[in-house]
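The values are calculated or read from the model by the stated rules, or taken from the named source; none is laboratory data. The structure presented is a predicted model; accordingly, all values stated were derived computationally and were not measured. No Cβ is skipped: glycine too gets one built from the backbone with ideal geometry, and neighbour counts run over all protein chains shown.
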């Protein structure tokens with residue numbers, strides 16, 4: 001699953017490049033540098049998009065510059081982009097790298113509780129204090145920020161962003177390109193349709209159709225099609 005952490009001892013070192021040069025990339029650099037066996041070499045951006053030459057003490061280079069020093073046997077990438085355009089910006093770079101045959105790394109914090117049969121895809125980041133229960137599945141290009149609960153037999157689809165304090169009860173399904181806000185909760189067995197936004201503090205107790213926005217109020221409200229304006 002691309003995660004190779006053993007205590008706090010770094011073993012075989014591999015070169016890691018972070019696609020992106022924002023605060024999200026800076027956070028990814030912190031975790032990969034301190035709690036993985038990857039060596040973060042540089043931040044990579046699209047040609048002509050470098051706003052500075054360095055970040056967190058490392059170089060910011062264009063993808064063309066990276067290709068001049070390509071080492072196929074050593075190199076990995078992690079797409080360190082947030083949830084812009086409902087994760088589409090991150091998905092675009094993920095697919096670009098994957099289609100070029102570039103290997104993609106994942107990170108699971110040593111402070112996360114992960115059952116040994118959880119399936120985790122490519123380019124996934126799971127930060128500290130998360131609980132991932134048995135028989136759950138996480139797709140590709142997923143970010144799970146700090147302090148969440150993923151219940152047993154649940155599925156998180158590709159290109160999803162889960163913020164913090166989120167509870168996803170067992171047998172639930174989060175379809176691709178969703179965003180789950182801080183302290184939201186999904187009742188067991190519920191499905192969140194693709195391209196949906198679950199607002200902060202919202203409690204979802206039923207299936208939600210694709211492209212919905214679920215907002216908090218006296219009674220949490222599902223707005224079908226409400227997420228289309230984000231795309």
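Against the conditions (1) part of a loop (DSSP other than H, G, I, E, B); (2) buried (at least 16 other Cβ atoms within 10 Å of the Cβ); (3) free of Cβ contacts under 8 Å to residues at least 40 places away in the same chain, residue 51 satisfies every one except (2). Listed by first and then second residue, the pairs linking a residue in region 29-40 that is modelled with pLDDT of 95 or more to a residue that is assigned to a helix (DSSP H, G or I), with Cβ atoms under 6 Å apart and 6 or more places separating them unless they lie on different chains, are 38/32; 40/29; 40/32; 40/33. Only one entry of 141, 130 meets the criterion of being in contact with a helix residue (DSSP H, G or I) (Cβ under 6 Å, 6 or more places away or on another chain) and at pLDDT 95 or above, and that entry is 141.
In region 58-90, what residues are part of a loop (DSSP other than H, G, I, E, B) and out of contact with any helix residue (DSSP H, G or I) (no Cβ under 9 Å at 6 or more places or on another chain)? Break it down stepwise before answering.
Initially, region 58-90 is screened for residues part of a loop (DSSP other than H, G, I, E, B), giving 69-74, 80-87.
Once the filter is applied, which keeps residues that are part of a loop (DSSP other than H, G, I, E, B) and out of contact with any helix residue (DSSP H, G or I) (no Cβ under 9 Å at 6 or more places or on another chain), region 58-90 yields 69, 70, 71, 72, 73, 74, 87.
Taking each residue of region 84-96 that is without any contact (Cβ under 8 Å) to a residue 60 or more places away in the chain and looking for partners that are surrounded by 15 or more Cβ atoms within 10 Å (Cβ to Cβ) with beta-carbon atoms closer than 6 Å, six or more apart or interchain, yields 89/81.
Conditions tested, residue by residue: (1) farther than 30 Å from residue 77 by Cβ; (2) more than 15 Å from the chain's Cα centre (by Cα); (3) assigned to a loop (DSSP other than H, G, I, E, B).
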position	(1), (2), (3)
135	no, yes, yes
147	no, no, yes
152	yes, yes, yes
159	no, no, yes
176	no, no, yes
189	yes, yes, yes
206	yes, yes, yes
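The residues on offer are 196, 146, 212, 172, and the sole one that is under 17 Å from residue 90 (Cα atoms) and free of Cβ contacts under 8 Å to residues at least 60 places away in the same chain is 196. Within region 65-82, identify whether any single residue is closer than 28 Å to residue 194 by Cβ, buried (at least 21 other Cβ atoms within 10 Å of the Cβ) and out of contact with any strand residue (DSSP E or B) (no Cβ under 6 Å at 6 or more places or on another chain), and answer yes or no. Checked region 65-82: at least one residue is closer than 28 Å to residue 194 by Cβ, buried (at least 21 other Cβ atoms within 10 Å of the Cβ) and out of contact with any strand residue (DSSP E or B) (no Cβ under 6 Å at 6 or more places or on another chain). Among the residues making up region 110-127, those that are in a loop (DSSP other than H, G, I, E, B) and either in contact with a helix residue (DSSP H, G or I) (Cβ under 9 Å, 6 or more places away or on another chain) or under 19 Å from residue 31 (Cβ atoms) (or both) are 110, 111, 112, 118, 121, 122, 123, 124, 127. Of all the listed residues (195, 188), the sole one being crowded, with 19+ Cβ neighbours inside 10 Å, out of contact with any strand residue (DSSP E or B) (no Cβ under 7 Å at 6 or more places or on another chain) and modelled with pLDDT of 90 or more is 195.
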